[in-house]
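Working notes, beginning with the structure itself.
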Amino acid sequence: MGYKAEKDKIERKIRIIKIVLLCVLLAVLVGLCIFSAFCPPSTWKYHVKKPKIKERQEGELRMHFLDVGQGESILIELPDGKIALIDGGDWLENTATTVLRYMNALDIDEIDYLVASHADADHVGGLTRIVEAKKVVNAYLPTVNAVNAGERYAAFYAALTEENCAKWQSSREISLSGDGYVFEFLYPYSIDVSEETETDDNALSSVLWLDYKGVSALFTGDAPTATEDILMRDDRLGMFTHRNVELQSTEILKVAHHGGKGSTALNFLQYLQVKTAVVSCAENNPYGHPSQEVQDNLAAVNAELYRTDERGSIMITISADGTYKVDCIS
């Protein structure tokens with residue numbers, strides 16, 4: 001075979017290969033278009049890259065402090081099978097994705113109690129997509145300063161309305177307690193919301209207390225030291241006794257305001273019995289959270305500190321025998 005004939009044969013093979021590759025590429029593109037049309041991302045992207053979490057055992061209560069960067073989201077599996085979610089992190093794309101993938105890893109389709117601690121975007125920004133993706137039975141909403149609420153809270157509230165979720169105003173009168181556990185709103189109460197605090201969303205943060213088998217946890221949102229003072233005052237006055245709340249027995253503390261120095265005063269920690277503290281914050285965050293002052297206060301009461309920026313998502317499991325353990329979920 002001559003040189004020209006050999007060259008033509010090679011070129012024909014190359015053209016055939018190019019045509020085949022082009023056809024394959026077109027087929028893939030068409031397939032992706034069809035897949036996207038019938039299977040939108042919302043139906044599958046929250047079911048990939050799920051964290052590996054072992055199944056909850058009978059009689060366990062589990063608290064998951066999710067790694068959502070410089071925001072906050074806490075998922076609670078109650079021993080009667082009900083699910084509580086306190087906050088949903090910020091509005092960034094990967095935040096709600098993190099929460100929803102975590103929920104799917106636990107096969108959670110329904111949220112019985114959704115609590116927005118306050119209206120700051122780093123706590124409610126991700127809740128809009130969560131409400132759209134999961135059924136919410138009851139939503140507990142903060143007292144909102146209309147000036148500071150912002151578009152993220154407005155979008156979340158609109159989503160609740162669109163999905164016909166039951167909405168309740170968070171207040172000290174609300175009890176979410178069930179068989180074997182006490183889950184109570186401790187703040188705010190109408191007498192605690194003054195004209196001064198109405199301009200500060202952090203001062204309006206809901207505070208909840210949870211007890212199971214003698215192990216107690218306190219969830220504080222971004223509550224400042226002024227709220228801590230109110231809680232200690234009211235506990236001393238016996239205002240929580242009839243609700244079976246023993247504030248001074250609190251062992252587990254969700255540290256307020258990502259460990260910011262305007263919260264978690266030493267006298268408050270000394271009033272409690274904190275042994276385990278959790279801070280939700282982003283790695284190398286520009287706010288310096290958690291502050292050295294708060295870290296020093298926790299060290300002064302010998303509390304072990306767990307940080308989401310260092311450990312990832314943190315799971316605390318309370319067993320039926322009244323013991324608890326801490327695991328880090330990568």
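The values are calculated or read from the model by the stated rules, or taken from the named source; none is laboratory data. Here the structure is a predicted model, which is why all the values come from computation and not from measurement. Note that we place each Cβ from the backbone using ideal geometry, even for glycine, and neighbour counts take in every protein chain shown. Just the protein is used for accessible areas: all its heavy atoms, side chains included, with ligands, DNA and RNA removed. Shrake-Rupley method; radii C 1.70, N 1.55, O 1.52, S 1.80 Å.
Tabulated data for the structure shown
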item	result
Between segment 242-260 and segment 154-172, the alpha-carbon center distance in angstrom	26 Å
Relative contact order computed over segment 90-172 (Cα-Cα under 8 Å; 6+ residues apart), in percent	32 percent
Fraction of beta bridges assigned by DSSP in the chain that are antiparallel (%, nearest 5)	60 percent
Compactness index (Cα Rg / 2.2 N^0.38 Å), segment 87-127	1.15
Extension reserve of the MET239-ASP200 stretch, reckoned as 0.36 nm per residue once the Cα distance is removed	11.6 nm
Rg [Å, one decimal], Dmax [Å, integer] - segment 199-330, C-alpha atoms	14.5, 44
Label-to-label distance, nm, for residues given as GLN292 and LYS49 (7 Å Cα→Cβ offset)	3.6 nm
Partners for LYS13 among lysines (Cα-Cα distance below 19 Å; same-chain residues under 8 apart left out)	LYS4
Inter-label distance for ASP327 and ARG15, nm, one decimal - labels placed 7 Å from Cα along Cα-to-Cβ	6.2 nm
Prolate/oblate/rounded label for the chain (Cα gyration tensor, a/c 1.5)	prolate
Which of TYR181, TYR287 is most accessible, then next, and so on - probe 1.4 Å	TYR287, TYR181
Cα→Cβ-extended label distance, 7 Å offset, between ALA154 and GLN169, nm	2.2 nm
Structure-based [θ]222 nm, the chain - -39500 (n - 2.57) summed over DSSP H runs of at least 4, per residue, nearest 500	-9500 deg cm²/dmol
Volume per residue that the Cα convex hull of segment 105-150 spans, once the total is divided by residue count, Å³	83 Å³
Accessible carbon and sulfur surface of segment 230-315 relative to its total accessible area, %, 1.4 Å	43 percent
Too-long pairs where the Cα-Cα distance tops 27 Å, listed order kept, from LYS54/LYS134; LYS54/LYS167; LYS135/LYS261; LYS54/LYS82; LYS54/LYS135; LYS54/LYS261	LYS54/LYS167; LYS135/LYS261; LYS54/LYS261
